[in-house]
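Below is one structure, written out as structure tokens, with a few remarks after it.
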Amino acid sequence: MSPAAFFTDYANKSERLLVGLMSGTSVDGVDAALVRISGSGRTTRAELLKSIEHPIPDELRQRVLALSHGEGSAEEVSKVSVAIAEVFVEAVEALGVGKVDAIASHGQTVSHTPSAHATLQIGNPAVLAQLLGIPVVSDFRSADVAVGGQGAPLVPYADWCLLTHPTKARAVQNIGGIGNVTYLPPDAKSEQVIGFDTGPGNMLIDRAAQWVSRGRLRCDLDGKLALSAEEPDYELLELLLEHPLLARKPPKSAGREDFGDTFFQEVFARAMSRRDRVMREKQNFVTTLTWFTALSIQDAYERHLPQMPDEVIIGGGGARNLALMQFLRSKLAPIPVLTHTDVGMDGDAKEALAFCVLANETLLGNPANLPSVTGATRSVTLGSVTFP
């Protein structure tokens with residue numbers, strides 16, 4: 001089928017099947033989701049049919065992280081781009097789908113510098129298209145960045161389509177490596193949506209858990225480490241809350257350049273300067289960084305939202321961190337703090353599903369960035385389409 005015929009056929013379908021692929025800043029796995037989708041914009045209906053998390057081999061994970069830290073040649077970037085694409089192919093095959101209309105691949109971010117109109121997500125789409133025999137929509141962020149946007153967050157468009165409530169103001173909070181919020185006024189129009197990165201999500205917590213466990217843990221499973229300490233290091237926490245990103249007005253986005261390994265090492269050095277406290281209770285360090293994520297979210301709402309929401313919906317890996325959820329509920333009370341499961345969605349597959357929503361708009365030729373969120377000068381169609 002020619003590209004022109006494909007687009008015509010896609011537009012004429014009442015329902016489409018897409019596979020969404022998402023690998024986040026932690027680089028610990030690929031979320032793959034099979035989604036049945038119809039409509040567009042506020043008429044969009046997206047049904048998750050099945051999802052899996054497919055592991056990324058540790059050796060490849062370390063190569064990706066090295067690139068994210070600015071290490072590696074252009075040759076290494078191109079090789080890792082192919083290698084991660086091959087893992088994406090494995091994820092689709094493990095998902096076990098039949099005939100689908102398209103793949104929506106976010107790719108793996110290794111560099112994001114919107115101030116220079118630059119962003120790079122690797123995971124060569126031609127590899128996916130050729131090995132799977134399916135058209136691939138990828139490179140979602142570049143078009144928004146090219147017109148002056150942050151290129152992030154992009155998920156607020158899907159939140160607006162799927163989670164706008166007729167009478168309640170909602171904050172939809174994703175807690176991945178980085179935290180980001182979508183604020184949806186009641187019955188919101190697209191230009192009323194607010195969204196921005198709130199600060200760290202799991203990135204610092206994961207790094208602290210790795211230190212405490214001497215590498216045995218990748219994350220603080222169920223928040224057990226954070227809950228095992230009686231209280232945070234208040235002096236360190238006060239310093240953390242002075243991070244300049246928190247005060248910066250939206251639109252804004254964050255990444256490893258803000259809360260990655262360099263920042264972690266600075267925080268770690270400050271903690272170790274009071275060696276007696278940290279060495280007596282290592283878990284205190286995890287508790288402190290977990291509180292930092294919780295308080296950065298509360299601070300973002302109070303400082304940057306037009307009003308506190310009627311309810312908060314948490315998604316991403318942070319929703320499984322019992323300590324983080326407990327801290328959030330204590331600071332946001334009496335506002336209900338829910339999970340995506342409470343509103344009929346799978347929080348683990350949410351971002352993979354969201355990129356299916358974005359890809360659907362791409363294939364229909366519709367803009368799907370929100371200038372009110374990203375700061376772009378205008379609405380643009382996101383993504384590039386690669387055919388087998």
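Just one of the listed residues (191, 230, 235) is acidic (Asp, Glu) and in a loop (DSSP other than H, G, I, E, B), and it is 230. For region 66-82, a residue qualifies if it is surrounded by 15 or more Cβ atoms within 10 Å (Cβ to Cβ) and touching a residue at least 60 places away in the same chain (Cβ under 8 Å), and exactly one does: 68.
In the set (1) out of contact with any Gly (no Cβ under 6 Å at 6 or more places or on another chain); (2) modelled with pLDDT under 95; (3) crowded, with 24+ Cβ neighbours inside 10 Å, the condition left unmet by residue 173 is number (2).
Taking the residues in region 114-133 that are out of contact with any strand residue (DSSP E or B) (no Cβ under 8 Å at 6 or more places or on another chain) and polar (S, T, N, Q) as candidates, determine which candidate is surrounded by the most Cβ atoms within 10 Å (Cβ to Cβ). The residue in question is 124.
For region 355-373, the count of residues that are out of contact with any Pro (no Cβ under 7 Å at 6 or more places or on another chain) and farther than 28 Å from residue 120 by Cα is zero. Go through region 303-324 and give me each residue that's in a helix (DSSP H, G or I) and touching a Ser or Thr at 6+ places or on another chain (Cβ under 8 Å). Within region 303-324, 317, 318, 319, 323, 324 meet the criteria. Checking each residue in region 123-145 for being part of a strand (DSSP E or B) and touching a Phe, Trp or Tyr at 6+ places or on another chain (Cβ under 9 Å) picks out 136, 137. Across region 176-192, the number of residues qualifying as under 15 Å from residue 301 (Cβ atoms) and surrounded by 20 or more Cβ atoms within 10 Å (Cβ to Cβ) comes to 6.
Residue by residue, here is whether (1) without any contact (Cβ under 8 Å) to a residue 60 or more places away in the chain; (2) of a type in the set (D, E, K, R); (3) part of a loop (DSSP other than H, G, I, E, B) holds:
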residue	(1), (2), (3)
7	no, no, no
21	no, no, no
34	no, no, no
93	yes, yes, no
100	no, no, yes
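Within region 340-369, the residues that satisfy the criterion of being outside any helix (DSSP H, G or I), assigned by TED's automatic domain parsing to the domain that holds residue 20 and small (Gly, Ala, Ser) are 365, 368.
The values are calculated or read from the model by the stated rules, or taken from the named source; none is laboratory data. All of these numbers come straight from a predicted model, not from anything done at the bench. Virtual Cβ from ideal backbone geometry, glycine too; neighbours counted across all protein chains shown.
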